[in-house]
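Every read-out reported here was derived from the displayed coordinates using simple, explicitly stated rules and does not represent laboratory data. Keep in mind that this is a model prediction, so the values were computed, not measured. So basically every Cβ, Gly included, is an ideal-geometry build from the backbone, and we count neighbours across all protein chains shown.
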Amino acid sequence: MQYLVTMQIDGMDVPAGTLFQNIRNGEETTSFVYDQQYLAREDAFALAPDVPLGGGSFHSAGLRSLRALEDCMPDRWGRNLMTRAERLEAKNAGRTPRTLFETDLLTGVNDETRQGALRLWDADGNVLTAPETGVPREIDLPHLLSSADRASQDMDVDIRDLLDAGSSLGGARPKASMRDEHGDLWMAKFPKSAEGHLEDVGAWEHTCLLLMEACGITTPSSRCLRIVNRSVLLIKRFDRKGAMRLPYISGLTAVQGEDGGSYSLLELVEFLESNGSAPEKDLPELWLRALFGCVVGNTDNHLRNFGFLHSNRGWRLAPVFDVNPTPGAEPKRFATALGFGEQYSSVREAVALSEYFHVAPSAARATCRELAKRLRNWRVVARKEGIAEASIEWMGEGIDRQLAELANC
Ligand SMILES: Nc1ncnc2c1ncn2[C@@H]1O[C@H](COP(=O)(O)OP(=O)(O)OP(=O)(O)O)[C@@H](O)[C@H]1O
Ligand SMILES: [Mg+2]
């Protein structure tokens, strides 16, 4: 099989190359070749660091070494939906379920909501996969939330509504795409069906977004809904500008890393220094995010939780996402370390490493003290989000201890 891959540049879908899929003895291999006309364009850019511009083929087992494509295909939540849908369809038709190869998952994603600006087309020029139904509206969310609950409890339940609404998005948590009254795309993050009242993940994630905005970190627009007293977080998609799609790669792709590997934020620094279009703005912001992450204990900061958008002939740090606090005042182990040695990042270490992020030590200490002031009233923000007092206290000990460290810098 072969597919045309286009990259949207300034709102135009430009043929970028061809993806070939081969299945032999049940194993999938793929290769990608850039289109000569794409290579000849003045504004052409590499889809990702592992496929630099040039002639010749890039080969991969599955799509593992074609990470730009991996970034616009489903992650755990979407893959789970797609495999389940195939299993149910096969059961209803009385046949054996097909093996879903990486390319099937890639091309099976709803084109309207696909992450970033890459699009896939078949040999007849049909976009893959054209949506069968429209993107859900806010009014559809309560229904989708109960579908997600049912799906987590019963493997045989019909999940087509969730599949249409949410398979394009990465991450592990249940989610759905949504279009607002202006036609803009949003992502809705649902609570897990087993989420305890104390956790209230959506409201905490929203609280973090509000607090980060107050600290000067670039955040997407967001809202938190209460549906039957459970929090559903709505976040505006930053890879769309009106009808335009913006090229996106994850931090993991930027460093050509593997899921589950150990990395340092300094690797993102290196990426921005060589490939960024505004490193002088993005590096200090990356540092600010790291500092905020230490304050709230955002330990799940794996590199898929960082992203880059292509703009002005280089990559810019995408707005922040998926920042969540963790309870407890003990030193915390982060998925991505600040430096190369310690996985237990701290405010002190952030200050010690600030120069790598182009932040002078005196400016770093001043920022710490400023942040301590801006975050002083974090409890008020959390309460306004409707978070229960017990949950605030559960989370509070760690945050307060880190704020005291900030103030003493
Ligand atoms: N505002 C946004 N606009 C566009 N894409 C986004 C936005 N926020 C997140 N994403 C993309 O969607 C993916 C899933 O989002 P997110 O990380 O919030 O979900 P998650 O399920 O909590 O993830 P995890 O598996 O890390 O817990 C991200 O990895 C990123 O690629
Ligand atoms: Mg995530």
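Which value in Å does the Kirkwood hydrodynamic radius of the range 34-78 take, with 1/r averaged over all unlike C-alpha pairs and then inverted?
Result for the range 34-78 stands at 11.9 Å.
Let me have the 222 nm mean residue ellipticity of the chain computed from DSSP H runs of 4+ only, each contributing -39500 (n - 2.57), with the sum over all residues rounded to the nearest 500.
About -10500 deg cm²/dmol.
For the chain, what mean projected area does the convex hull of the alpha carbons give, in nm²?
With the hull built on Cα positions only, its mean projection is 20.4 nm².
Towards the positive end of the charge dipole of the range 45-91, with charges on Cβ (+1 Lys, Arg; -1 Asp, Glu), say which of PRO74, LEU63, VAL51 has the farthest Cα.
Going by the Cα projections, it comes out as PRO74.
What ranking, highest mean first, results for peptides 281-287, 397-403 when packing means the other Cβ atoms within 10 Å averaged over each residue?
Ranking, from highest mean packing down: 281-287, 397-403.
For helix 265-275, report the angle its Cα long axis makes with the longest principal axis of the Cα atoms of the chain; keep it between 0 and 90° and round to the nearest 10°.
Once rounded, one gets 60 degrees.
Could you go through the range 352-361 in sequence order and give the Karplus-derived ³J(HN,Hα) for each residue, using 6.51 cos²θ - 1.76 cosθ + 1.60 with θ = phi - 60°, rounded to whole Hz, and x for Gly and Pro?
Using θ = phi - 60°, the values come out as 4, 9, 4, 5, 4, 9, 6, 10, 5, x Hz.
Taking a quarter of the surface of the convex hull around the Cα atoms of the range 304-409, what do you get in nm²?
Mean orientational projected area (the range 304-409, Cα hull): 8.3 nm².
Could you compute how fast the range 1-49 diffuses translationally, taking Rh as the Kirkwood radius over C-alpha pairs and applying Stokes-Einstein at 25 °C with viscosity 0.890 mPa s? Give it in µm² per second.
It comes out at roughly 205 µm²/s.
For the ranges 214-224, 306-316, 253-263, 94-104, what's the packing order if you count other beta-carbon atoms within 10 Å of each residue, average per peptide, and put the highest first?
306-316, 214-224, 253-263, 94-104
Can you give the local net charge around ILE23? Use residues other than it whose beta-carbon is closer than 13 angstrom to its beta-carbon, Lys and Arg +1, Asp and Glu -1.
-2
Over all directions, average the projected area of the Cα convex hull of the range 46-174 and note it in nm².
Dividing the Cα hull surface by four gives the mean projection, 9.4 nm².
If a cysteine in the chain has no other Cys Cβ under 4.7 Å from its own Cβ, put it on the list, ordered by number.
CYS72, CYS208, CYS215, CYS224, CYS294 - these cysteines have no disulfide-compatible partner (Cβ-Cβ under 4.7 Å) in the chain.
Cα axis of helix 389-407 to longest principal axis of the chain: angle in degrees, 0 to 90, nearest 10?
Its long axis makes an angle of about 70 degrees.
So, by mean Cβ neighbours within 10 angstrom, what's the order for 126-136, 172-182 with the highest one leading?
Ranked by mean Cβ neighbours within 10 Å, highest first: 172-182, 126-136.
What chymotrypsin sites (Phe, Trp or Tyr not before Pro) does the range 149-252 have in DSSP loop regions with at most 10 other beta carbons within 10 Å?
Listed in order of number, the matching sites amount to none.
Select from VAL296, PRO284, SER345 the residue farthest towards the positive end of the dipole of the range 270-374; place +1 on Cβ of Lys and Arg, -1 on Cβ of Asp and Glu, and compute about the Cα centre.
VAL296
Pairing the Cα long axis of helix 279-296 with the longest principal axis of the chain, what angle in degrees results, from 0 to 90 and rounded to the nearest 10?
With rounding to tens, the tilt is 70 degrees.
With the Cα gyration tensor of the range 348-409 in hand, convert its eigenvalues to equivalent ellipsoid semi-axes via √(5λ) and list them largest first in whole Å.
Those come to 28, 11, 9 Å.
Evaluate the charge dipole of the chain about its Cα centre and quote only its size in Debye, nearest 20, assuming +1 on the Cβ of each Lys and Arg and -1 on the Cβ of each Asp and Glu.
Dipole of the chain, to the nearest 20 debye: 740 debye.
Each residue of the range 337-348 in order: what ³J(HN,Hα) in whole Hz does its phi give by Karplus 6.51 cos²θ - 1.76 cosθ + 1.60, θ = phi - 60°, with x for Gly and Pro?
With the stated coefficients, the range 337-348 comes to 6, 5, x, 8, x, 8, 8, 9, 5, 8, 4, 4 Hz.
Once label points are set 7 Å from the Cα along Cα→Cβ at both VAL157 and ARG401, what is their separation, rounded to one decimal in nm?
3.9
Towards the positive end of the charge dipole of the range 358-409, with charges on Cβ (+1 Lys, Arg; -1 Asp, Glu), say which of ILE387, CYS368, ILE399 has the farthest Cα.
The listed residue farthest towards the positive side: CYS368.
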